[in-house]
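Report on the following structure.
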Amino acid sequence: MRAASRRLAVLWLAALAFWAAQGHGGEPRPFVAIIIDDLGNQHEAGLRTLALPGALTLSFLPHTPHAEVLAIRGHEAGKEIMLHLPMQAGDDRPLGPGGITTDMDRETLRDTLRTALASVPHARGVNNHMGSLLTRQQEHMDWFMAELGSHDGLYFVDSRTTAQTVAQRTALSHRLPATRRHVFLDWIPDDEAVVEAEMDRLLALARQQGHALAIGHPHGSTLAVLERRLAQMHETGVELVTVSDYLQRKKMEANRLWHASSSLSPTAPKNSKPSR
């Protein structure tokens, strides 16, 4: 009974947050999530990232020198924490510690993921670092998502380092909360003009489709743009949310639209469900 009461309370609070985000016309405000990847190796850049305003999500490479301390400090500062798990790329770039590769069997992959998660305190989800080869491998993605699903409440974000990725689709087939990256803020590193343009594209996408997710990195130029732009987010009409909130709002909006369309369609089957 206590567990059921807690679940009802969580759903009620999520519903209140969702309706609080509604615009004056009853439509939800557009929202975005921004993930900062590749954290954990650089202390000063990490501290500067933690100081950014707003509900950012910070993704840490496993077993890196500063991941544990910065993840704890980020959590205490109200940021959401993720594991940025290295996955094998299509070239010979080194993965760094904690990476998973196509030559691993299921048990080795499982143990590697478990120790990587343990190295990043307060991790709420996982996204892939590189992975242009591994995220195309259906069997390895099935193993990975099955293990991720055994850790209660974790989500997955597909960084989409290849158009051939099956990662998000596989996560959803395992009933994991999952989404994808729409924008890379700094696909050309250390170019503030690129970051500014990609921030504009992120907001435009959110206004167009209701939501959008971006990934950036702790480059000096990226942090400089975010320091300016995030302080002005309230003026854009677009809300910055954590990835957890992003996934919850997407789900609630999908349910809202499904119920609205069902009420308008007399032929809608009674047991149909919203698509994912």
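The values are calculated or read from the model by the stated rules, or taken from the named source; none is laboratory data. Remember, predicted model here, so these are calculated numbers, not experimental data. FYI the Cβ positions are ideal-geometry reconstructions off the backbone, even for glycines, and counts take in every protein chain you see.
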Determine which member of the set Asp190, Asp152 is on the phi > 0 side of the Ramachandran plot and in a loop (DSSP other than H, G, I, E, B). Asp190
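Conditions (1) under 15 Å from Ile215 (Cβ atoms); (2) hydroxyl-bearing (Ser, Thr, Tyr); (3) touching a residue at least 40 places away in the same chain (Cβ under 8 Å); (4) in contact with a Leu (Cβ under 9 Å, 6 or more places away or on another chain), marked per residue:
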{"position": "Ser59", "(1), (2), (3), (4)": "yes, yes, yes, yes"}
{"position": "Ala67", "(1), (2), (3), (4)": "no, no, yes, yes"}
{"position": "Glu80", "(1), (2), (3), (4)": "yes, no, yes, yes"}
{"position": "Gly98", "(1), (2), (3), (4)": "no, no, no, yes"}
Every residue in segment 213-234 that is outside any helix (DSSP H, G or I) and over 17 Å from the mean Cα position of the chain (by Cα), please. His219, Ala231, Gln232
All but one of (1) without any contact (Cβ under 8 Å) to a residue 40 or more places away in the chain; (2) closer than 13 Å to Ile36 by Cα; (3) touching a strand residue (DSSP E or B) at 6+ places or on another chain (Cβ under 9 Å) hold for Phe156; which doesn't? (2)
What is the residue count in segment 63-83 for residues that are under 16 Å from Ile35 (Cβ atoms) and touching a Pro at 6+ places or on another chain (Cβ under 8 Å)? 4
Filter segment 188-236 down to the residues that are out of contact with any helix residue (DSSP H, G or I) (no Cβ under 7 Å at 6 or more places or on another chain), hydrophobic (A, V, I, L, M, F, W, C) and surrounded by fewer than 16 Cβ atoms within 10 Å (Cβ to Cβ) and list them by number. Ala193, Ala197, Ala204, Ala231
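Is one or more of the residues making up segment 244-260 modelled with pLDDT of 95 or more and charged (D, E, K, R)? Steps first, answer last, please.
Keep residues of segment 244-260 that are modelled with pLDDT of 95 or more, which gives 244-249.
Narrowing the set further to residues that are charged (D, E, K, R) leaves 245, 249.
There is at least one residue in segment 244-260 that is modelled with pLDDT of 95 or more and charged (D, E, K, R).
Collect the residues in segment 235-245 that are touching a strand residue (DSSP E or B) at 6+ places or on another chain (Cβ under 9 Å) and part of a helix (DSSP H, G or I), keeping them in residue-number order.
So the first thing to find is which residues in segment 235-245 are touching a strand residue (DSSP E or B) at 6+ places or on another chain (Cβ under 9 Å), and the list is 238-245.
Hits for segment 235-245 are Val243, Ser244, Asp245.
Determine whether Ala67 is over 28 Å from Asp200 (Cα atoms), at pLDDT 95 or above and either crowded, with 21+ Cβ neighbours inside 10 Å or of a type in the set (A, V, I, L, M) (or both). Outline the logic, then answer.
Details: over 28 Å from Asp200 (Cα atoms): yes; at pLDDT 95 or above: yes; either crowded, with 21+ Cβ neighbours inside 10 Å or of a type in the set (A, V, I, L, M) (or both): yes.
When the stated conditions are applied, Ala67 passes them.
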Among the residues listed as Thr165, Thr115, the single one being polar (S, T, N, Q), over 18 Å from Ala214 (Cα atoms) and out of contact with any Lys or Arg (no Cβ under 6 Å at 6 or more places or on another chain): Thr115
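Only one residue in Arg169, Arg175 is outside any strand (DSSP E or B), under 18 Å from the mean Cα position of the chain (by Cα), surrounded by fewer than 21 Cβ atoms within 10 Å (Cβ to Cβ) and at positive phi. Which one? Before you say what the answer is, go through the steps one by one.
Numbers: Arg169 fails: at positive phi.
None of the other options fit; the residue is Arg175.
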Residue in segment 205-212 that is modelled with pLDDT of 95 or more and either under 17 Å from Thr49 (Cα atoms) or in a loop (DSSP other than H, G, I, E, B) (or both) present: yes
Against the conditions (1) surrounded by fewer than 20 Cβ atoms within 10 Å (Cβ to Cβ); (2) not in a helix (DSSP H, G or I), where does Arg114 fall short? Just the number, please. (2)
Report yes if Ala163 is in a loop (DSSP other than H, G, I, E, B) and modelled with pLDDT of 95 or more, otherwise no. yes
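Results for (1) part of a helix (DSSP H, G or I); (2) at pLDDT 95 or above; (3) not basic (Lys, Arg), shown as yes or no for each residue.
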residue: Trp19; (1), (2), (3): yes, no, yes
residue: Gly26; (1), (2), (3): no, no, yes
residue: Ile34; (1), (2), (3): no, yes, yes
residue: Glu44; (1), (2), (3): yes, yes, yes
residue: Gly74; (1), (2), (3): yes, yes, yes
residue: Asp91; (1), (2), (3): no, no, yes
residue: Asp103; (1), (2), (3): no, yes, yes
residue: Thr108; (1), (2), (3): yes, yes, yes
Keeping to segment 126-149, report how many residues are among the hydrophobic types (A, V, I, L, M, F, W, C), in contact with a strand residue (DSSP E or B) (Cβ under 8 Å, 6 or more places away or on another chain) and part of a helix (DSSP H, G or I). 4
